[in-house]
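Engineer: Following this message is one structure expressed as structure tokens.
The values are calculated or read from the model by the stated rules, or taken from the named source; none is laboratory data. Owing to the predicted nature of the structure, the values given are computational and were not obtained by experimental measurement. Counting neighbours? That spans all protein chains shown, and the Cβs are built from the backbone with ideal geometry, glycine included. With ligands, DNA and RNA removed, areas are computed over all heavy atoms of the protein, side chains included. Shrake-Rupley method; radii C 1.70, N 1.55, O 1.52, S 1.80 Å.
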Amino acid sequence: HVDSRMMAKAAVLSNVGARIVGAAYNGPHSANGIASLFIATGQDEANVVESHAGHLSHELLENDDLYLSVTLPSLIVATYGGGTGLPTQKECLNLLGCYGKG
């Protein structure tokens, strides 16, 4: 029994609450997804610590759709060297169009 308008109001309250308690970020728990992607593409998994902090924003559109966006301002990504050269990890980076210098 929840519509997009109610969700948008809840998102505002959630963001205000996060700021009041001094939260470093208000995004969803993105560490698990980032860790999986890092393993699949040969990244240094230790960088999940810096990369996972996300900022969630939302907008209620004129048609009452709720648009959500997560920004990861410190996402650390490597495309060459280290684990990126392993066969499977290199293949994943190639699939993403992200392998190589530059």
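Engineer: How many of the residues making up region 11-38 are without any contact (Cβ under 8 Å) to a residue 40 or more places away in the chain and closer than 30 Å to residue 84 by Cβ?
Structural biologist: The qualifying residues number 10.
Engineer: Report whether or not residue 85 is within 30 Å of residue 5 (Cα to Cα), open to solvent by less than 50 Å² (accessible area, probe 1.4 Å) and among the small types (Gly, Ala, Ser).
Structural biologist: No; evaluated as a whole, the condition is false for this residue.
Engineer: If you don't mind, there's one more thing I want to ask. Working only within region 90-100, note down all residues that are free of Cβ contacts under 8 Å to residues at least 24 places away in the same chain and exposed (fewer than 15 other Cβ atoms within 10 Å of the Cβ).
Structural biologist: The answer is 91, 94, 95, 97, 100.
Engineer: Oh, and also: So if I check each of 47, 26, which one is open to solvent by less than 40 Å² (accessible area, probe 1.4 Å), of a type outside the set (A, V, I, L, M, F, W, C) and in a loop (DSSP other than H, G, I, E, B)?
Structural biologist: So the residue among 47, 26 that is open to solvent by less than 40 Å² (accessible area, probe 1.4 Å), of a type outside the set (A, V, I, L, M, F, W, C) and in a loop (DSSP other than H, G, I, E, B) is 26.
Engineer: Something else about it: What number of residues in region 52-74 are among the hydrophobic types (A, V, I, L, M, F, W, C) and open to solvent by 80 Å² or more (accessible area, probe 1.4 Å)?
Structural biologist: Summing the residues that are among the hydrophobic types (A, V, I, L, M, F, W, C) and open to solvent by 80 Å² or more (accessible area, probe 1.4 Å) in region 52-74 gives 1.
Engineer: Enumerate the pairs (first residue in region 74-89 and farther than 18 Å from residue 51 by Cα; second residue anywhere and at pLDDT 90 or above) with beta-carbon separation below 6 Å, excluding pairs fewer than 6 apart on the same chain, so at least 6 apart or on different chains.
Structural biologist: Matching pairs, first to second residue: 86/42; 89/41; 89/42; 89/83.
Engineer: Residues of region 35-59 being over 15 Å from the mean Cα position of the chain (by Cα) and among the acidic types (Asp, Glu), which ones?
Structural biologist: 44, 59
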